[in-house]
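S.K.: Would you mind keeping the following structure in view while I ask a few things?
The values are calculated or read from the model by the stated rules, or taken from the named source; none is laboratory data. Computed from a prediction, not measured in an experiment: that's the story for all the values here. Positions of Cβ are backbone-derived with ideal geometry, glycine not excepted, and every protein chain shown enters the neighbour counts. These area figures cover heavy atoms from the full protein model, side chains too; ligands, DNA and RNA do not enter into them. Shrake-Rupley method; radii C 1.70, N 1.55, O 1.52, S 1.80 Å.
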Amino acid sequence: MKAVDTRELFARLIKCEAGGEGIDGMKAVATVVMNRVRVPYGEYERVCQGDLREVIIQMCQFSCYKTKIGGVQNTQNVWTATPEAIHYQIADWAINGGVYTGVGSDSLWYMNPYVPTCPNFFPYNKTGYWYTRVHQHCFYNPTEAYSQT
């Protein structure tokens, strides 16, 4: 696999994580990724230090960045997702400050629960509380506990 620049990696992540969620779903996911880049406290600031690529490749964050999940080959990943013009457009929009108002500038996590309702807290350590749902993804804002991560 050829090395890809950060913009392409972001476009691939958008396609892989939310390509079937329409424009709103892709913008919502891109907003969360950029919120992690911009958050001035907690784990993402400490570990990634405002670097988009570091946010994308941070361990245990995006299932689409993993080539194996639970020891099984993950065929839906950033290396198999070939981005199209729309994925680059959304990546550029987010990099240039675009924020999907449906999730806002606070949401730091999303997940697909594969059921009609969203859990009240996410991730496992309850550092995020449920904020909204956009198509199949539930979005979470940080609790006070996140600042201690």
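S.K.: So how many Å³ per residue does the convex hull of the Cα atoms of the range 49-92 work out to?
M.R.: Each residue corresponds to 74 Å³ of Cα convex hull volume.
S.K.: A follow-up question, please. Keeping all protein chains in place, calculate the accessible area per residue for the chain (probe 1.4 angstrom), answer in Å². All intermediate terms of the calculation are to be shown ahead of the outcome.
M.R.: On the way: 7770 Å² over 149 residues.
Result: 52 Å² per residue.
S.K.: Using a 1.4 Å probe on the protein chains only, how many percent of the accessible area of the chain belongs to carbon and sulfur?
M.R.: On the way: 4020 of 7770 Å².
Roughly 52 percent, rounded to a whole number.
S.K.: Spin-label point model (7 Å from Cα, Cβ direction): what's the Gln58 to Gln148 distance in nm?
M.R.: Between Gln58 and Gln148, the label points sit 1.8 nm apart.
S.K.: By how many nm would the segment from Ile95 to Trp130 lengthen if fully extended, with 0.36 nm per residue of separation less the alpha-carbon distance?
M.R.: On the way: separation 35, 0.36 × 35 = 12.60 nm, distance 2.47 nm.
Using 0.36 nm per residue and subtracting the Cα-Cα distance, I get 10.1 nm.
S.K.: Within the P(r) computed for the chain, what percentage of the Cα pairs occupies the region above 25 Å? Don't skip to the end; give the middle numbers.
M.R.: Details: 2459 of 11026 pairs.
Percent of Cα pairs beyond 25 Å in the chain: 22.
S.K.: Please identify the DSSP H helices in the chain that span no less than 27 Å along the helix axis (Cα) and have a mean Kyte-Doolittle hydropathy of -0.5 or more.
M.R.: On the way: long enough: none.
The qualifying helices: there are none.
S.K.: Are there trypsin sites (Lys or Arg not before Pro) in the range 1-103 that DSSP marks as loop and that have at most 11 other Cβ atoms within 10 Å, and which are they?
M.R.: Working: sites: Lys2, Arg7, Arg12, Lys15, Lys27, Arg36, Arg38, Arg46, Arg53, Lys66, Lys68; in loops: Lys2, Lys66.
Loop-located and lightly packed - Lys2.
S.K.: Kirkwood Rh and Cα-based Rg: tell me the resulting Rg over Rh for the range 97-149, rounded to two decimals.
M.R.: Numbers: Rg = 11.0 Å, Rh = 11.3 Å.
Expressed as Rg/Rh, it is 0.97.
S.K.: Work out from phi, with θ = phi - 60° and the Karplus expression 6.51 cos²θ - 1.76 cosθ + 1.60, the ³J(HN,Hα) of each residue of the range 102-112, listed in order in whole Hz, and give x for Gly and Pro.
M.R.: Going residue by residue, I get x, 10, x, 8, 9, 4, 10, 9, 8, 7, 9 Hz, with x marking Gly and Pro.
S.K.: While we're on this one: What is the packing order of peptides 70-77, 101-108, taking the mean over residues of other C-beta atoms within 10 Å and listing the highest first?
M.R.: Values: 70-77: 10.5, 101-108: 18.1.
Going by the mean number of other Cβ atoms within 10 Å, highest first, we get 101-108, 70-77.
S.K.: Give the aspartates and glutamates reachable from Lys126 as a straight Cα distance under 13 Å; neighbours fewer than 8 places away on the same chain don't count.
M.R.: Result set, ordered by chain and number: Glu144.
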